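Below is one structure; the comments refer to it alone.
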Amino acid sequence: MEMQNHQYFLVTFAVLLIIILHHESYAMQHLVGDSIWTIPPTNNFYTNWSSSQVFIPGDTLYFEFDPEFYNVMQVSRREYGYCTGNQAYKVFSDGPLSITLIESGVFYYICNILNYCELGQKFSVTVLQNSSNNYVPPPSTFS
């Protein structure tokens, strides 16, 4: 029985290692919210989505949105907290939009149209350090 447990552990460890190495080898394209960038059904919808993802340098955030009604702003933590875009780092008004995450850190995104940010159209991403420094272009599928 002990030998069986040891083999099970080794197989499980090997599978997890393959998954981790596979993700680190290939940049992912993340469809923000797994749907269109819009006012979410709940205030924490995008936060929950972001916290369920793993982001590494080279990954891409893909925003599908109608530029007549929405925008995307990369803002500071403070502006994220207050839902303001007065000193946004970047403003994106044309959709759809792809943003490549080029370095590790925490990045904040909001929509500053009307009160959409206060309604939950905002999220942050934590980009982990990639142990392999090899950038691979993102695949065509979304995660």
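The values are calculated or read from the model by the stated rules, or taken from the named source; none is laboratory data. Quick caveat: nothing in here was measured; it's all calculated off a predicted structure. With ideal geometry, Cβ positions are generated from the backbone for all residues, glycine too; neighbour counts draw on all protein chains shown.
With the requirement that a residue be more than 20 Å from G33 (Cα to Cα), touching a residue at least 12 places away in the same chain (Cβ under 8 Å) and surrounded by 12 or more Cβ atoms within 10 Å (Cβ to Cβ), what does the stretch 71-89 give you?
S76, E79, T84, G85, A88, Y89
Just for the stretch 112-143: of the residues that are of a type in the set (S, T, N, Q) and modelled with pLDDT of 95 or more, which one is nearest to N44 (Cα to Cα)?
The extreme case among them is Q121.
Out of everything in the stretch 35-70 that is without any contact (Cβ under 8 Å) to a residue 12 or more places away in the chain and under 16 Å from the mean Cα position of the chain (by Cα), what residue ends up being farthest from Y109 (Cα to Cα)?
Going through the qualifying residues, I end up with S52.
Consider C111 against the criteria (1) surrounded by 14 or more Cβ atoms within 10 Å (Cβ to Cβ); (2) out of contact with any strand residue (DSSP E or B) (no Cβ under 7 Å at 6 or more places or on another chain): it satisfies all of them except one. Which criterion is unmet?
The one condition C111 does not meet is (2).
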